[in-house]
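The block underneath contains the structure these notes are about, expressed in structure tokens.
The values are calculated or read from the model by the stated rules, or taken from the named source; none is laboratory data. Please read these numbers as outputs of a predicted model, since none were measured by experiment. Counting neighbours? That spans all protein chains shown, and the Cβs are built from the backbone with ideal geometry, glycine included.
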Amino acid sequence: MPFPAVFTAYRVFQRDHRVRGEAALGWNIMSTARKPLVAGNWKLNKLVGEAVATVEALKPLVADVSNVDIVVCPVYTALHAAAQAAAGSNVEVGAQNAYNKENGAFTGEISPQMIKDTGCTWVIIGHSERRQYFGEGDALLNEKLHFALGTGLKVMFCIGETLEEREGGKMDDVLTRQITEGLKGVSEAQFANVAIAYEPVWAIGTGVTASPEQAESAHLFVRDLVRKLFGDAVADGVRIQYGGSAKPGNAAELISQPNVDGFLVGGAALQADSFAGIITAVSAHG
Ligand code: 13P
């Protein structure tokens, strides 16, 4: 095969079969290999002492894991202590939300600069609970995303359809709108600091997990859309996490899907051992 044909064939292979590391093919053009990202979203749980204890318990359980990026996202009041507890380990700390202003008369809000100041490196933007209970829409979330990226924070940007939308045949439209509006204006360089979390709302906190086929088909849809909007390099590089009742028992099957690049975990991330179980399953998949 002439080189361009080889390259095209490789890109198709890469698209259809995620290549996780250079060792996978022994071929050093894997700039688009995706390192899995597993994050725990602790939501409105854990006092400062509990958050620190969970980080301390997690660290030894995952100390040997180098092929997965690991993040925990406590409540604001525990960010600084959790980041201090995680310092020097392979566990990063993120916030669950951030406002789109640095400071000023915005009672009750917190800026990405303040989050960064606590020692955090990540922030979640657009979680379905923010959309559902706090009325955050695509335009605001896009502003928040850009503002957070501007501070150097990495962003997990959440999308996902409700059961009603899925059953009403609107899933593709909803995901298309959330991606198109929510990620508007993000440059190829900025995408290095963006992960997309696909969290079907009907699977969040319900114990109902998307089947590996449902997850893969949604993730592939999202990646194809990202390819159309932002090009091959972004689509091949961006990590798409699955969220919605992920647990140690279903992580291996889900992560074996070519377009599932990690997890955003709620309930099962609250205990260090179950969260570590998910991380270990992902790590073992390589
Ligand atoms: P559960 O894992 O509890 O379903 O929550 C998922 C989630 O919302 C993570 O952000």
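What the table shows:
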| read-out | value |
| --- | --- |
| Residue within the range 85-101 that is assigned to a helix (DSSP H, G or I) and either closer than 24 Å to residue 243 by Cα or outside the structural domain of residue 262 (by TED's automatic domain parsing) (or both) present | yes |
| Subset of the range 222-246 that is within 20 Å of residue 204 (Cα to Cα) and among the hydrophobic types (A, V, I, L, M, F, W, C) - its residue that is surrounded by the fewest Cβ atoms within 10 Å (Cβ to Cβ) | 222 |
| Residue in the range 55-75 that is among the polar types (S, T, N, Q) and assigned to a helix (DSSP H, G or I) present | no |
| Selected residue (criterion: farthest from the ligand (Cβ to nearest atom)) from residues of the range 263-286 that are of a type in the set (Gly, Ala, Ser) and not in a helix (DSSP H, G or I) | 286 |
| Where a residue in the range 193-205 is without any contact (Cβ under 8 Å) to a residue 40 or more places away in the chain and its partner, wherever it lies, is near the ligand (Cβ under 10 Å from one of its atoms), with Cβ under 8 Å and at least six apart | none |
| Residues within the range 252-262 that are away from the ligand (no atom under 16 Å from the Cβ) and touching a residue at least 60 places away in the same chain (Cβ under 8 Å), tallied | 2 |
| Breaking point among (1) without any contact (Cβ under 8 Å) to a residue 12 or more places away in the chain; (2) more than 14 Å from the ligand (Cβ to nearest atom), for residue 133 | (2) |
| Members of the range 102-121 found to be part of a loop (DSSP other than H, G, I, E, B) and acidic (Asp, Glu), listed by number | 102, 109 |
| Breaking point among (1) surrounded by fewer than 19 Cβ atoms within 10 Å (Cβ to Cβ); (2) away from the ligand (no atom under 15 Å from the Cβ); (3) farther than 18 Å from residue 128 by Cβ, for residue 249 | (2) |
| Single unsatisfied condition, residue 32 versus (1) modelled with pLDDT of 95 or more; (2) more than 16 Å from the ligand (Cβ to nearest atom) | (1) |
| Whichever residue in the range 190-202 is within 15 Å of the ligand (Cβ to nearest atom) and of a type in the set (Gly, Ala, Ser) and, among such residues, is farthest from residue 266 (Cα to Cα) | 195 |
| Number of positions in the range 203-245 that are in a helix (DSSP H, G or I) and within 10 Å of the ligand (Cβ to nearest atom) | 1 |
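Residues are listed down the side, and each one gets a yes or a no for (1) assigned to a loop (DSSP other than H, G, I, E, B); (2) in the same structural domain as residue 194 (by TED's automatic domain parsing); (3) surrounded by fewer than 21 Cβ atoms within 10 Å (Cβ to Cβ):
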residue: 123; (1), (2), (3): no, yes, no
residue: 132; (1), (2), (3): no, yes, yes
residue: 143; (1), (2), (3): no, yes, yes
residue: 148; (1), (2), (3): no, yes, no
residue: 155; (1), (2), (3): no, yes, no
residue: 158; (1), (2), (3): no, yes, no
residue: 161; (1), (2), (3): yes, yes, no
